[in-house]
Amino acid sequence: MFIEMKIAGLTIDPITSTPIVILKDREEKKAIPIWIGLFEASAIATQLEKITFSRPMTHDLIKDILRTVEVDVDRVEIHDLRNNTFFANIHLRGEGRHFVVDARPSDAIAVAIRTDAPIFVAEKVIEKSRNVDIGANVADMEKLKEEKLKEFLENLSPEAFGKYKM
C-alpha cells in the first residue's frame, strides 16, 4: 500500500553536509528523510521557491518534453529501500498507454513538483526508514540528528582518532 506524501522541506545533514528532502503524509503523522545530491536539492529548491531561469534546467526540460509529446505524469512512487538506497518510479500516461520509468527519488520528486503530480511512498519504505513519527505538528528532526550522530560515533574506529588514543 502507498501513502500520498508532500514535500515538507529541505535540510542539510549536520554530519555529512548532504541535502535531505523531507516528505510528510497529508495528516503530518509520518515523515521520511531522503538523502539526495546537491544538484537535485537545488532543482527541488528552485521549484519550491518558484525561481525561473532564462533557459530550461534538466527537470524543466523533462517537463517540456513530456508536454510536447502529450504525456502526463500520473504519479511518482517511492517503492523500495535497499542497502540505504531508495528506489522510485515515475508513472506516465499518454495516448491511452501507461508507462513506468525507473528513477532516483530525487529526480522523480523534482519532476513531480514541476508537473503537479502526486508523490506516493510505500508503507514498507516508511517502516524501513525508521518511520520518523512527527506527531501532529512538527517533525522531530533533532531525534533523527541524534540517532545519526550516535550511529556515526558507534562506527568510529580507534584509528579515526589518530594520535589521540583512547
From the backbone phi of the stretch 7-21, what are the Karplus-calculated ³J(HN,Hα) couplings (6.51 cos²θ - 1.76 cosθ + 1.60, θ = phi - 60°) in whole Hz, Gly and Pro given as x? 6, 8, x, 10, 9, 10, 5, x, 8, 9, 6, 8, x, 10, 9
With a sphere of radius 10 Å drawn around the Cβ of residue 37, what net charge do the other residues whose Cβ falls strictly inside it have (Lys, Arg +1; Asp, Glu -1)? -1
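Over all directions, average the projected area of the Cα convex hull of the stretch 1-117 and note it in nm².
8.3
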List, in order, the whole-Hz ³J(HN,Hα) value for each residue of the stretch 89-101 obtained from phi through the Karplus relation with A = 6.51, B = -1.76, C = 1.60 and θ = phi - 60°; use x for Gly and Pro. 10, 9, 9, 10, 9, x, 6, x, 10, 10, 10, 10, 10
In whole angstrom, how far apart do the alpha carbon centroids of the stretch 6-35 and the stretch 49-104 sit? 20
Could you give each residue of the stretch 48-61 its phi-based ³J(HN,Hα) in whole Hz, using Karplus coefficients 6.51, -1.76, 1.60 with θ = phi - 60°, and x for Gly or Pro? 4, 8, 6, 8, 10, 10, 5, 10, x, 7, 3, 6, 5, 4
Which peptide among 107-114, 62-69 comes first, and what is the full order, when sorted by highest mean count of other Cβ atoms within 10 Å? 107-114, 62-69
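Each value in this text was obtained by applying a stated rule to the coordinates, not by laboratory testing. Since the model is a prediction, treat every value here as computed from it, not as a measurement. Heads up, the Cβs are rebuilt from the backbone with ideal geometry, glycines too, and the neighbour counts pull from every protein chain shown.
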